[in-house]
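Working notes, structure below.
The values are calculated or read from the model by the stated rules, or taken from the named source; none is laboratory data. These figures come from a predicted structure and were not determined experimentally. Every residue, glycine as well, gets a Cβ built from its backbone with ideal geometry; the counts of neighbours run over all protein chains shown.
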Amino acid sequence: MNNLYDNYHRVKDKVAKACQSASRPESEVTLVAVSKLHSIEAIKEIASYGQKDFGENYIQEALGKITQIPELNWHAIGPVQSKKTKEIIGKFTLIHTLSSPSFLAELEKRLPKNTVQNVLLQVNIGQEEQKSGLLPEDCAKFLEKVLMVDKIKLQGLMCLPPYHEDENITRPFFVQMRKLKEKLEQEFQVKIPHLSMGMSTDFVAAIEEGATIVRVGSDIFGTRPVK
Ligand SMILES: *Cc1c(COP(=O)(O)O)cnc(C)c1O
């Protein structure tokens, strides 16, 4: 029943093949294993195969896991309520979901002097009402604010496009993300290194379109237990 070893290596192979077909070095793409709602034992097993980066959606759950395995690179990939900011300081290698002025202000206030928090701006690329993230046209204005905060280092953009099983339906959103990133780099004369996009159904297309971080849950851990 437990095929974590096979699952993990199948995903690693798919990432490698996608890089090859896109003529990109594999070192350019980081696989984040999305472990939300999965057990500490499962995480430890995947870590034992050499996986370093893990993604969690729910802050309370994540903090419990981070306490148990602090040496892994933990990614916050779900919404963070501003009032939780204090608790997450220093815990996450990368926060993928910055998109609100209140969370930005709270981070600025809570981060100790001379520390740096790496962040991605979450973009609501499908312009879906129920999803969080900045609308593409609001990114420049928000980015301007982020760039003024020394303690916050903008590493890139993240998206969660409208769900579809067929990656060729999702693909145009990945292309839009790449173009948005290039436009912002031009406008602000900054390097925006990362694009966090692609999940189990569509990470191959995402890599082909320029993802540097893919977030894969089900294909590695199997079906998620219900919350
Ligand atoms: C759950 C989740 C994933 C992983 O989804 P899978 O379909 O299980 O690969 C990726 N990104 C975010 C933001 C998620 O919430």
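Collect the residues in the stretch 208-227 that are among the hydrophobic types (A, V, I, L, M, F, W, C), modelled with pLDDT of 95 or more and farther than 16 Å from residue 10 by Cα, keeping them in residue-number order. It would help to see each step written out before you state the result.
We begin by selecting, within the stretch 208-227, every residue among the hydrophobic types (A, V, I, L, M, F, W, C); these are 211, 213-214, 216, 220-221, 226.
Checking which are modelled with pLDDT of 95 or more leaves us with 211, 213-214, 216, 220-221.
Hits for the stretch 208-227 are 211, 213.
Provide a single number: the residues in the stretch 24-56 that are part of a loop (DSSP other than H, G, I, E, B) and either within 16 Å of the ligand (Cβ to nearest atom) or within 16 Å of the chain's Cα centre (by Cα) (or both).
Total satisfying the criteria: 8.
Please identify the pairs in which a residue from the stretch 211-222 that is without any contact (Cβ under 8 Å) to a residue 24 or more places away in the chain has its Cβ atom under 8 Å from the Cβ atom of a residue that is part of a strand (DSSP E or B), counting only partners at least 6 apart or on another chain.
none
May I ask you to say which residue of 11, 32 is touching a His at 6+ places or on another chain (Cβ under 7 Å) and either surrounded by 12 or more Cβ atoms within 10 Å (Cβ to Cβ) or of a type in the set (A, V, I, L, M) (or both)?
32
Only one of (1) more than 16 Å from the ligand (Cβ to nearest atom); (2) in contact (Cβ under 8 Å) with a residue 40 or more places away in the chain; (3) surrounded by 14 or more Cβ atoms within 10 Å (Cβ to Cβ) is not met by residue 117, so which one is it?
The one condition residue 117 does not meet is (2).
For the list (1) over 20 Å from residue 140 (Cβ atoms); (2) within 16 Å of the ligand (Cβ to nearest atom); (3) modelled with pLDDT of 95 or more, I need the number of the one condition that residue 163 fails.
All conditions are met except number (3).
Within the stretch 66-113, track down each residue that is part of a loop (DSSP other than H, G, I, E, B), closer than 17 Å to residue 148 by Cβ and over 18 Å from the mean Cα position of the chain (by Cα).
111, 113
Would you mind stating whether residue 191 is of a type in the set (D, E, K, R), surrounded by fewer than 17 Cβ atoms within 10 Å (Cβ to Cβ), more than 14 Å from the ligand (Cβ to nearest atom) and assigned to a helix (DSSP H, G or I)?
no
Any chance you could count how many residues in the stretch 202-227 are within 7 Å of the ligand (Cβ to nearest atom), crowded, with 17+ Cβ neighbours inside 10 Å and not in a strand (DSSP E or B)?
Adding up the residues that qualify gives 2.
Somewhere in the stretch 131-138, is a residue within 16 Å of the ligand (Cβ to nearest atom), farther than 18 Å from residue 211 by Cα, at pLDDT 95 or above and of a type in the set (A, V, I, L, M, F, W, C)?
Looking through the stretch 131-138, at least one residue is within 16 Å of the ligand (Cβ to nearest atom), farther than 18 Å from residue 211 by Cα, at pLDDT 95 or above and of a type in the set (A, V, I, L, M, F, W, C).
Please state which of the following conditions residue 78 fails to meet, knowing it meets all the rest: (1) in contact (Cβ under 8 Å) with a residue 60 or more places away in the chain; (2) within 13 Å of the ligand (Cβ to nearest atom); (3) not hydrophobic (A, V, I, L, M, F, W, C).
(1)
Residues being over 16 Å from the mean Cα position of the chain (by Cα) and either under 19 Å from residue 178 (Cα atoms) or in a helix (DSSP H, G or I) (or both): count how many of those fall in the stretch 142-161.
The number of residues fulfilling the criteria is 6.
Within the stretch 45-67, track down each residue that is within 14 Å of residue 7 (Cα to Cα) and either of a type in the set (Asp, Glu) or touching an Asp or Glu at 6+ places or on another chain (Cβ under 8 Å) (or both).
45 - this is the single residue of the stretch 45-67 that is within 14 Å of residue 7 (Cα to Cα) and either of a type in the set (Asp, Glu) or touching an Asp or Glu at 6+ places or on another chain (Cβ under 8 Å) (or both).
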